[in-house]
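J.: Have a look at this one.
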Amino acid sequence: MSCTEAVEKFRRGRELAGEDEELFKTFRRGLADAYSQRGHQQRYIKKFKEAAVDLSQALRLNSELYDDFYYRALTYLKLGEEKLARNDFTQFLRYSPDELLKEDAQIRLTAIAPKNNSPEQANFLAKEGSRLNAEAANLMQPRESETANPDRAVALYNQALENFNKALELAPKDLLARMGLLATLAEQAACYFAIQEYDLAIENLSQALTIKPNPWHLFRRGEAYRMAGQTELAKADFNEYLKKGDNLELKEKATQYLSEKPKAGSTSV
């Protein structure tokens, strides 16, 4: 049976499934696979426009066909559609577990990144920062069968920060880059807490507070100072949080911290 015949068969099956939700899903997945296979066949015979259409249908029906993002990106490159290819490579890198193809996708994405300090380049850098941020977050909140990897996450957060900072150099008012930078600084600080690098957490949270005052970041910096033995600096942040914060649980915790006796080896400033 050809892929075209399979498409028609699964399309008809989906129509006949009626209100049977499980049967409908089965035919939908089958139809997605049929479109995917036909899309790849179109690529092999260099019918790239047709391939892009079929792969798009496959992804519309089943967005978990992650490899099709990669192959549709290659197809878009053949059609001279670099912007669409960048979007697909980004999606593939965000979701696919295929490390071998991800390495190639990253190389290709870097090669077609916008240049010449254009607004498009700033937008690309901000989106790439967001992707790296999400990948790092997944490493810190893995599936049940996996363990967190803060060391690798820290490295990815560094790459994300580099992209956000470059984007803001090109477009200082870019909201996506600004918000992404703040989120990444805070999330990387959490990684530093996990590996007990409190000085680095303090540096991140201080930078975040410079960009935009946030009581939560203030409280977290106080905790980092506390863990680093910087008692007076910790107290200053906790007292400030009591003035500006609105979370009753954190206020109670800050009050408890302030009532603690100094630990041996703590530093007053």
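Laboratory data are not the source of any read-out in this text; all were calculated from the coordinates shown. No experiment lies behind these values; they were computed from the predicted model shown. Cβ: placed from backbone, ideal geometry, glycine included. Neighbour counts: every protein chain shown.
J.: Which residue fluctuates the most in the chain, going by a Gaussian network model with Cα springs under 10 Å, if the choices are SER206, SER259, SER96?
T.: Ranking SER206, SER259, SER96 by mean-square fluctuation puts SER259 first.
J.: Apply the Karplus curve 6.51 cos²θ - 1.76 cosθ + 1.60, θ = phi - 60°, to the phi angles in the stretch 100-117 and return the couplings in whole Hz, x for Gly and Pro.
T.: Here the 3J(HN,Hα) series is 5, 5, 5, 4, 5, 4, 5, 4, 5, 5, 4, 5, 10, 5, x, 10, 6, 6 Hz.
J.: Restricting to Cα pairs below 8 Å that are 6+ residues apart, what does the relative contact order work out to for the stretch 158-269? Please round to a whole percent.
T.: About 18 percent, as a whole number.
J.: For each pair in LYS166/LYS243; LYS46/LYS83; LYS212/LYS243; LYS25/LYS127; LYS49/LYS83, compute the distance between the two Cα atoms and list the pairs where it is over 25 Å.
T.: Violating the 25 Å limit, Cα to Cα: LYS166/LYS243; LYS25/LYS127.
J.: Compute from the Cα atoms of the chain the Rg and the Dmax, the latter being the longest Cα-Cα distance, and quote both in angstrom.
T.: According to the Cα coordinates of the chain, Rg and Dmax are 24.6, 78 Å.
J.: Here is a follow-up. Which of the GluC sites (Glu not before Pro) across the stretch 82-190 are loop residues per DSSP, with 11 or fewer other Cβ within 10 Å?
T.: Counting only loop positions with at most 11 other Cβ atoms within 10 Å, the GluC sites (Glu not before Pro) in the stretch 82-190 are GLU144, GLU146.
J.: About its Cα centre, what dipole magnitude does the chain give when the only charges are +1 on Lys and Arg Cβ and -1 on Asp and Glu Cβ, stated in debye to the nearest 20?
T.: Rounded to the nearest 20 debye, it is 640 debye.
J.: Relative contact order, percent, of the chain when contacts are C-alpha pairs under 8 Å separated by at least 6 residues?
T.: Result for the chain is 9 percent.
J.: Still on this structure: How would you classify the stretch 198-246 from its alpha-carbon gyration tensor, with a ≥ b ≥ c the square roots of the eigenvalues: rounded for a/c under 1.5, else prolate if a/b is greater than b/c, otherwise oblate?
T.: oblate
J.: Return the single residue from PRO97, PRO150, PRO114 with maximal mean-square fluctuation; model: Gaussian network over the chain, springs between Cα atoms under 10 Å.
T.: The residue with the greatest mean-square fluctuation here is PRO97.
J.: Quick one: which residues, 5 or more positions from GLN230 or on another chain, have an amide H under 5 Å from its amide H? H modelled 1.01 Å from N in the peptide plane, none for Pro or chain starts.
T.: Answer set, sorted by chain and number: THR267.
J.: Kirkwood Rh, Cα Rg: Rg to Rh for the stretch 115-200?
T.: That ratio equals 1.04.
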